[in-house]
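The structure appears below as structure tokens.
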Amino acid sequence: MLSPPDADLARRERALPGLSVLLDPEAFVRALRPHVPDAGLREASIAYIRYKPGTNCLLTYRLETGGGPVTAYAKLHGPDAEVKLRKGKEKDSVTSPLGPGRIVLEEISTVVALFPNDGKLRSLRELPDPTAWRKRLVDLFPERPDLWDCGARTLAYKPERRYVAQLAAGGEPRAVLKYYNEGGFAQADANSEGFRSRGPLRVARRIGRSRRRRILAFEWLPGRLLSEAITDPGQDLDEIAAVGAALAELHGQAPGGLAVSTRRKEAESWLALAEGIAFLHPPGEGRARSLARRLASLFPDDSATLRPIHGDFYAKQVLVDGGQASLLDLDRAVRGDPAADLGRFLGHLERDALRGVVPPGRVEPVGNALLDGYRRASRSSLPSGVGPYVAAALLSLAPDPFRYREQEWPQRIEALLERAEAVLDKGVATL
């Protein structure tokens with residue numbers, strides 16, 4: 001059954017009339033079950049939503065069946081539905097645990113892909129085929145026979161964008177394998193050998209690549225996720241300071257081939273975010289648009305010194321191990337303002353406190369330890385603009401309660417916007 005906020009959204013979204021079915025897992029199962037009558041399909045839950053108002057909506061599901069859980073995604077199309085549905089019927093696929101690999105639900109303008117089928121990550125289809133899988137590992141690692149018999153365990157999956165798996169043998173993790181869509185691979189490949197482990201910083205070495213299949217492989221790094229460590233009140237803050245030092249080291253390196261993030265691109269992204277939030281949560285429209293305009297006005301030009309930056313830096317992108325920190329996932333690294341990395345980390349920390357994941361009393365000591373470690377390692381003052389970038393991070397995170405199906409998502413969006421506004425109002429740029 002649809003929640004009132006979901007029902008309201010589906011009512012307003014006239015270009016995607018099937019949205020009311022896809023947002024209701026029970027209704028989705030009823031629509032899907034006739035196409036897989038022998039699969040024992042019992043129920044579904046939504047793991048993630050990627051929504052473009054008036055255009056399309058992609059939802060990732062976990063399907064509970066008689067044979068165990070199955071991952072699937074459904075893509076609802078709007079004005080271009082006729083073309084997209086025809087292509088959905090024409091695309092080849094491999095069988096899935098439910099039988100068909102792809103199902104077209106014409107009555108709601110939706111194409112459903114069942115893992116390992118993916119419209120833009122076609123190489124995933126080799127995963128369940130032992131012969132094709134072993135051949136892929138041999139091709140990727142011709143001089144590493146210890147990796148040829150590894151199994152794959154899913155770490156992260158964003159349909160039509162990226163799939164990440166751990167390679168393991170004998171119960172021991174050995175490497176990380178990443179599959180990309182075309183655009184994602186180009187940037188990730190360019191970034192994959194740009195940074196080096198040095199001082200407190202560790203980065204994973206690339207150990208394999210297939211341009212044709214758009215696959216990159218990296219060494220497995222030991223350590224504990226910082227996102228888990230910071231919830232522990234007993235964690236040594238020197239460990240957090242080491243993370244700040246590692247980030248300063250990354251900002252001080254000189255990799256080639258990085259794309260450039262300009263103030264104009266940032267401003268455009270903030271304004272686009274506000275536009276999406278305005279439709280998703282109309283009561284937050286004024287606050288979201290005001291935040292976007294204020295942020296754009298604070299950074300009117302490209303006067304900042306551009307440095308190599310991580311581009312998506314927060315606690316889940318860090319492994320801590322003694323006095324060293326491994327910075328993960330440099331796929332989105334660019335030349336940009338170093339304050340953006342610091343602000344994004346602190347913005348995620350604020351968000352996690354609002355969600356109750358991080359105790360509120362941990363936000364200030366963890367944030368200060370990170371900034372102190374960064375300042376000492378860089379041997380200079382902090383880059384200006386950290387505070388506004390905290391607000392920018394909170395604005396960018398505002399749609400997440402809807403995307404990840406949090407309870408009372410409108411109220412949680414409002415809380416994120418309120419906190420972003422408070423950050424700007426209090427002038428946290430002095431951090």
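The values are calculated or read from the model by the stated rules, or taken from the named source; none is laboratory data. If you're wondering where the values come from, they're calculated on a predicted model, not measured in any experiment. We place every Cβ from the backbone using ideal geometry, glycine too, and count neighbours over all the protein chains shown. Side chains are part of the model used for accessible areas, which takes the heavy atoms of the whole protein and leaves out ligands, DNA and RNA. Shrake-Rupley method; radii C 1.70, N 1.55, O 1.52, S 1.80 Å.
Reducing segment 359-431 and segment 188-243 to their Cα centroids gives an inter-centroid distance of 22 Å. Estimated at the nearest 10 Å², the accessible area of residue 35 is 80 Å² with a 1.4 Å probe.
Between residue 207 and 217, 218, 219, the built amide H atoms are under 5 Å apart, and every one of these is 5 or more places off in sequence or on another chain. Maximal additional length on extending the residue 38-residue 225 stretch stands at 63.2 nm, based on 0.36 nm per residue less the C-alpha distance. For residue 295, the shell of other residues with beta-carbons less than 12 Å away shows a net charge of +1, using +1 for Lys and Arg and -1 for Asp and Glu.
Between the alpha-carbon centres of segment 68-89 and segment 254-306 there is a gap of 31 Å. Solvent exposure of the chain amounts to 45 Å² per residue of accessible area, where only protein heavy atoms count and the probe is 1.4 Å. With contacts taken as Cα pairs under 8 Å at a separation of at least 6 residues, the chain carries a relative contact order of 12 percent. Between residue 172 and residue 418, the modelled label-to-label distance comes to 5.2 nm, taking each label 7 Å out from Cα in the direction of the beta carbon.
Spin-label pair residue 368-residue 11: with each label point 7 Å from Cα along the Cα-Cβ axis, the two points sit 4.9 nm from one another. Ligands, DNA and RNA left out, the accessible area of segment 189-254 computed with a 1.4 Å probe is 42% carbon and sulfur.
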